[in-house]
Ligand SMILES: Cc1ncc(COP(=O)(O)O)c(C=O)c1O
């Protein structure tokens, strides 16, 4: 009978294959160090190994898992390897992965409180927990004037902040009439490129995103910011927004939030603080001085998906005045009207970000916080910082190398004194070996190597081995030269 015909996976099959997938992931975690950290495939190689056409008939599940092993794994760069020191980390953990699996299992779409009350309320609750855990100002609490929301990325959070700043500065008219070409926003030359993208999307225009000079430590110069704002006002423009960074991507520079915040207050500008990776360090009270003045921020963002063992994606964003954000992003078509929303007693997170639909992301955050506890999380952060500081000490003590920037936390920017070509050769050789993965930046025009300690399972011997390999690579190059 055709009505009985079904191609779905039964609950029993799901249980069986689900166990196989969890086993596969656990095995992957145990053997992750056996793979080259940076994938060695050539462009197009993975696609060439895949069948040209999709199957007309379903295939056995075991065949899928086999193909992950055979066809997909060679093209994976192992972000979860303890020898991954590149970019900023994107670390994961058992409780995070299982929380995410549960989110998939529930399959909830939490755009409104009423489309799944637990999805909204757990998120509000965990975001309030984090305010206390990170020592953030109480105004960010949902019980105060503000509140937190989980976004996909720091880029989206910055865009929402910029939009709210734009609207506040124009009396909420630019949403209606469009931008008048006079709005100006401010960041530093070291601010993440997502702000440039946000300026493009928000109708500010890249030319009206002023990139303020930095000092010798790559931190924004508040006097230069103040001068630029004055000049723009004098020219009849409308300054609306400043982004300060706690831990820039290139060198982990710390913008002086207090001084920048005072300037924002004086000119009534929206201050957004981007603490994408380094925000996690604020779990430890001894690092909070790095963001002194954070109480002056209108919004704040950090990515638990970078350094807090919550697998991608999970970006925590707070505002001090939720009304400003909601007024900026709220839109209510008839088909979404419902009693709970009309009552005003609930949060509808669709009004707190760009997209409508949303996953149950707070589950993985909740699982991670409950599994580790605040002390467990602090322990791992302190370990990472300690290891990076030790590495920085080794660099300082080798006269062939130099530090290229201060090392406030877990990122070490350093270079061989032999020049760009030598540094490039060291990095390329090590990355080609597959044994570790480093990336670079340019600081003061010079190619600089970056080693970031933030992978969940990185231990002292991984960092010691990285330094040994870097020195050996330098020795080899010296022999050739
Ligand atoms: C300081 C900073 N801001 C923003 C971002 C963008 O992060 P996302 O990928 O979450 O948009 C990064 C990424 O590394 C970053 O380091």
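A few comments on the model shown:
- Those helices (runs of 4 or more DSSP H) of segment 245-364 in which at least 2 residues are within 13 Å of the ligand (Cβ to nearest atom) and under 21 Å from residue 155 (Cβ atoms), considering only elements entirely within it, cover 304-307.
- Lone qualifier among 438, 430 - being under 26 Å from residue 254 (Cβ atoms) and at pLDDT 95 or above: 438
- Residues being at pLDDT 95 or above and within 14 Å of residue 408 (Cβ to Cβ) are entirely absent from segment 225-232.
- Selection within segment 200-213 - more than 20 Å from residue 226 (Cβ to Cβ) and either at pLDDT below 95 or within 16 Å of the ligand (Cβ to nearest atom) (or both): 200, 201, 202
- Hits in segment 407-440 - residues which are in a strand (DSSP E or B) and surrounded by fewer than 18 Cβ atoms within 10 Å (Cβ to Cβ): 439
- Filter result for residue 309 (more than 23 Å from residue 195 (Cα to Cα) and modelled with pLDDT under 95): no
- Any hit, segment 165-178, residues being modelled with pLDDT of 95 or more and surrounded by 23 or more Cβ atoms within 10 Å (Cβ to Cβ): yes
- When 63, 48, 86, 52 are screened for being without any contact (Cβ under 8 Å) to a residue 40 or more places away in the chain, in a loop (DSSP other than H, G, I, E, B) and more than 16 Å from residue 308 (Cα to Cα), only 52 passes.
- Residue count, segment 50-77 (criterion: touching a helix residue (DSSP H, G or I) at 6+ places or on another chain (Cβ under 7 Å) and over 17 Å from residue 25 (Cβ atoms)): 3
- Qualifying residues in segment 347-377 (those that are surrounded by fewer than 18 Cβ atoms within 10 Å (Cβ to Cβ) and touching a helix residue (DSSP H, G or I) at 6+ places or on another chain (Cβ under 7 Å)) - the one farthest from residue 287 (Cα to Cα): 356
- Among the residues of segment 193-208, just one is surrounded by fewer than 15 Cβ atoms within 10 Å (Cβ to Cβ), outside any helix (DSSP H, G or I) and over 22 Å from the mean Cα position of the chain (by Cα), namely 205.
- Helices (runs of 4 or more DSSP H) wholly inside segment 91-192 containing at least 3 residues that are in contact (Cβ under 8 Å) with a residue 12 or more places away in the chain and within 16 Å of the ligand (Cβ to nearest atom): 154-169
- Residues being buried (at least 22 other Cβ atoms within 10 Å of the Cβ) and in contact with a helix residue (DSSP H, G or I) (Cβ under 8 Å, 6 or more places away or on another chain) - total across segment 230-250: 8
- Test for residue 80: is it exposed (fewer than 15 other Cβ atoms within 10 Å of the Cβ) and either in contact with a helix residue (DSSP H, G or I) (Cβ under 7 Å, 6 or more places away or on another chain) or in the same structural domain as residue 459 (by TED's automatic domain parsing) (or both): no
The values are calculated or read from the model by the stated rules, or taken from the named source; none is laboratory data. As the structure is a computational prediction, the values presented were derived from the model and not from experiment. We place every Cβ from the backbone using ideal geometry, glycine too, and count neighbours over all the protein chains shown.
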